[in-house]
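Asker: Have a look at this one.
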């Protein structure tokens, strides 16, 4: 069965759904093809710290009502090391803030918005493949309920993540840059109140810990762990005991524990592909880049990719100009690399590395001391954490 649309989007995660909404708002027809079912997508536990760029993208998509009602505005973070905690005040330094609102909720809002306008999303599509991406009519093929379908479009947007078919299609045409870190994050989700109103990033002799939250009654907490660790080896009690050992004494004493709703180990890597355009195929989000979660950039970078791409596609169809799509890869990568640098720096600053010498640890401590004591250094952290501006 053959279908025709202006833009075929592969992947119904937040980047694909956001792109679909922005294009629909611009009057551009699009179809989303997704290999998984909606429940699987909503079951993925991901980030929850949103930059202003991400919030603005959701506003433009008409999907920010619940975010504004339920999201938690954070004016800073706590940086803990040496047994003490130091607040980095974003509002005081640069007059900006971030919003804590879970990626699952972002995805839920985008799904509901797409359903409300009757736009087509094909879930549980098997054997998805891309064809003729260098032609004026690239195609997406898939099998649904035993029947083969083909979508012809002017453009294909690959929003299907690190393991998706889009990047694999052009694997022989990309240059990749990668850093794999020698540890992972063990994270749990639990329905208990957060220990503080803002996130705590803790550097300790036992390793990194992060005190985060999804709401005023649900926490998402992490500890640095070995890549050899297995989730089943970590009981809830063992996790909470180790987590509290890595926090400052006052925060540890105030921590309320509870049974985990979800528990998982995530490896950390930095990864970038160049370029992000191949003929009329465009990569966006995790299909093009991965950042370690330390800098809270994954979803936010996906949002800026999508904004650049949506603007470029709209400019092509509405203004008959290819300037936006021609400059997409360069604009997106410029912002991506700055976020990669910040995420690498935060990861290097806060974690224990297996190969660290006493000298390395002393330098790390000196860097932390300098950071909390220097207005210039705190301002730099604040600027990067809340998100650098997008290129015009």
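Values in this text are rule-based calculations from the coordinates and carry no lab data. The shown structure was predicted, so the numbers you read here are calculated from the model rather than taken from an experiment. Every residue, glycine among them, receives a Cβ derived from its backbone with ideal geometry; neighbour counts consider all protein chains shown.
Asker: Sort 18, 189 so the one with the fewest other Cβ atoms within 10 Å of its own Cβ comes first.
Answerer: Details: 18 33, 189 19.
In increasing order of surrounding Cβ atoms, one gets 189, 18.
Asker: Right, next: Would you work out the relative contact order for region 193-249, in percent, from Cα pairs under 8 angstrom that are 6 or more residues apart? Spell out each step's value before the answer.
Answerer: On the way: 68 pairs, mean separation 19.3, N = 57.
Relative contact order, region 193-249: 34 percent.
Asker: Still on this structure, please answer the following. Assuming 0.692 mPa s and 37 °C, estimate D for region 220-262 with Stokes-Einstein, Rh taken as the Kirkwood radius over Cα pairs, in µm²/s.
Answerer: Working: Rh = 11.3 Å.
Rounded to a whole number, D works out at 291 µm²/s.
Asker: So for region 278-322, averaging the separation of alpha carbon pairs under 8 Å that are six or more residues apart and normalising by length, what relative contact order in percent results? Intermediate values should be presented prior to the final figure.
Answerer: Working: 20 pairs, mean separation 13.2, N = 45.
For region 278-322, the relative contact order is 29 percent.
Asker: How would 321, 212, 85, 116 line up from fewest to most surrounding beta-carbon atoms within 10 angstrom?
Answerer: On the way: 321 12, 212 22, 85 19, 116 9.
The most exposed by this proxy come first: 116, 321, 85, 212.
Asker: By how many degrees, 0 to 90 and rounded to 10, does the Cα axis of helix 103-117 deviate from the longest principal axis of the chain?
Answerer: 20
Asker: In Å³ and rounded to a whole number, note down the convex hull volume per residue for the Cα atoms of region 311-363.
Answerer: Numbers: hull volume 4.4 nm³, N = 53.
So the per-residue Cα hull volume is 84 Å³.
Asker: Tell me, 3, 163, 351 in order of fewest to most beta-carbon neighbours within 10 Å?
Answerer: With the sparsest Cβ surroundings first, the list reads 163, 3, 351.
Asker: Roughly how many Å is it from the Cα centre of region 95-147 to that of region 1-18, as a whole number?
Answerer: Here the answer is 5 Å between Cα centres.
Asker: Quick one: divide the alpha-carbon radius of gyration of region 232-328 by 2.2 N^0.38 Å and tell me what you get.
Answerer: On the way: Rg = 21.1 Å, N = 97, 2.2 N^0.38 = 12.5 Å.
Rounded to two decimals, the normalised Rg is 1.69.
Asker: So what is the diffusion coefficient of region 1-155 in µm² per second by Stokes-Einstein at 4 °C and 1.567 mPa s, using a Kirkwood Rh over Cα pairs? Mind showing how you got there, number by number?
Answerer: On the way: Rh = 17.5 Å.
Taking Rh from Cα pairs, D becomes 74 µm²/s.
Asker: Another one. When the label point is put 7 Å from the Cα of residue 44 along its Cα-to-beta-carbon vector, which residues of region 213-235 have a backbone N closer than 20 Å?
Answerer: Zone members listed by number: 214, 220-221.
Asker: Take the Cα pairs of region 103-253, get the Kirkwood Rh, then feed it into Stokes-Einstein at 37 °C and 0.692 mPa s and tell me D in µm²/s. Each step should come with its number before you reach the end.
Answerer: Details: Rh = 19.8 Å.
Rounded, D is 166 µm²/s.
Asker: Here's a follow-up. Enter the angle in degrees (range 0 to 90, nearest 10) between the Cα long axis of helix 375-386 and the first principal axis of the Cα atoms of the chain, meaning the one along which they spread out most.
Answerer: Rounded to the nearest ten degrees, it is 40.
Asker: Next question, about the same structure. Helix 236-245 sits at what angle to the longest principal axis of the chain, using alpha carbons and giving 0 to 90 degrees rounded to 10?
Answerer: Long axis of 236-245 versus the principal axis of the chain: about 60 degrees.
Asker: Only Cα pairs under 8 Å and at least 6 apart count here; give the relative contact order of the chain as a rounded whole percent. Working shown, then result.
Answerer: Values: 792 pairs, mean separation 80.0, N = 392.
Normalised by residue count, the contact order of the chain is 20 percent.
Asker: Something else: Which value in deg cm²/dmol, rounded to the nearest 500, describes the helix-derived mean residue ellipticity at 222 nm for the chain, given -39,500 (n - 2.57) per DSSP H run of n ≥ 4 and division by the residue count? Walk me through the numbers on the way to the answer.
Answerer: Numbers: 14 runs with 151 residues, N = 392.
The per-residue figure over the chain is -11500 deg cm²/dmol.
Asker: Another question, if that's okay. Could you work out how far apart the two model spin labels at residue 236 and residue 192 are, taking each label as a point 7 Å from the Cα in the direction of the beta carbon, and quote it in nm?
Answerer: Rounded to a tenth, the inter-label distance reads 0.9 nm.
Asker: Quick one: length gained pulling residue 123 to residue 37 fully straight, 0.36 nm per residue minus the C-alpha distance? All intermediate terms of the calculation are to be shown ahead of the outcome.
Answerer: Details: separation 86, 0.36 × 86 = 30.96 nm, distance 0.54 nm.
Length gained, residue 123 through residue 37: 30.4 nm.
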